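Below: the structure, in structure tokens.
The values are calculated or read from the model by the stated rules, or taken from the named source; none is laboratory data. Note that this is a predicted model, so its numbers are computed, not measured. In this analysis, Cβ positions are derived from the backbone assuming ideal geometry, glycine residues included, and neighbour counts consider all displayed protein chains.
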Amino acid sequence: MVRDGYASVSHRGYTNHILEFDNCRLPDTQVLGEVDGGFDVMNTWLYATRLTVAAFCVGRARRCFDYAVQYAAERNQFGQPIAKFQGVSFQVADLITEIDAADWLTLSGAWRLDEGLPANREIASAKLYASEMLARVTDTTLQIHGGMGLMDDFPIERFWRDARVERIWDGTSEIQRHIISRDLFRPLGA
């Protein structure tokens with residue numbers, strides 16, 4: 001049975017539904033992958049979806065960053081653009097550095113996956129860093145815009161609101177940290 005899901009405050013174009021299965025049995029021939037092997041199949045798919053989340057985060061961060069740069073160049077305070085103040089210009093410098101770092105992590109994970117190399121840690125690192133970077137970029141962009149950043153007249157509030165879920169789906173930030181640390185310590189027997 002399918003019933004309506006929950007209303008989300010982020011990604012308002014996204015809808016969800018609740019699937020209920022009662023007394024549902026499938027023959028082994030209808031199982032995707034090996035019987036009792038669903039976790040392995042899911043993890044294989046999560047490589048691609050986690051890279052997709054990382055890439056979307058990088059793209060949205062670049063878009064949000066463009067708004068921050070444009071606003072800082074246009075908004076005047078004390079007779080000059082706020083971009084002339086180190087408090088703002090240094091924030092912008094940090095933002096682009098973080099965006100570029102997330103971009104390279106994502107490209108590196110994708111390259112390893114394409115080459116058939118072990119990529120679990122690299123993909124988890126890309127997803128973790130990119131999703132948390134997006135939160136910092138949207139938060140700083142909102143700060144640069146001041147109170148206007150929370151108004152519906154600007155797209156910043158939507159970027160800020162939508163950024164939160166990226167640290168949750170396809171594995172929370174804590175799960176990504178677990179994957180990364182497990183990959184580092186497992187070969188050492190720890």
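Descriptive notes on the structure:
- Against the numbered list (1) surrounded by fewer than 17 Cβ atoms within 10 Å (Cβ to Cβ); (2) under 23 Å from Ala48 (Cβ atoms); (3) among the charged types (D, E, K, R); (4) within 16 Å of the chain's Cα centre (by Cα), Asp139 comes up short only at (2).
- Conditions (1) exposed (fewer than 10 other Cβ atoms within 10 Å of the Cβ); (2) within 28 Å of the chain's Cα centre (by Cα); (3) touching a residue at least 12 places away in the same chain (Cβ under 8 Å): number failed by Tyr6: (3)
- Filter result for the condition that a residue is in a helix (DSSP H, G or I) and either buried (at least 17 other Cβ atoms within 10 Å of the Cβ) or in contact (Cβ under 8 Å) with a residue 40 or more places away in the chain (or both), over Gly149, Gly171: Gly149
- Restricting the range 17-39 to residues that are among the acidic types (Asp, Glu) and closer than 27 Å to Gly5 by Cα, the residue that is surrounded by the most Cβ atoms within 10 Å (Cβ to Cβ): Glu20
- Phe154 falls short on exactly one of the conditions (1) assigned to a helix (DSSP H, G or I); (2) within 18 Å of Phe65 (Cβ to Cβ), and that condition is (1).
- Criterion: in contact with a strand residue (DSSP E or B) (Cβ under 6 Å, 6 or more places away or on another chain), modelled with pLDDT of 95 or more, over 30 Å from Ile179 (Cβ atoms) and surrounded by fewer than 21 Cβ atoms within 10 Å (Cβ to Cβ) - qualifying residue of Ala83, Ala73: Ala73
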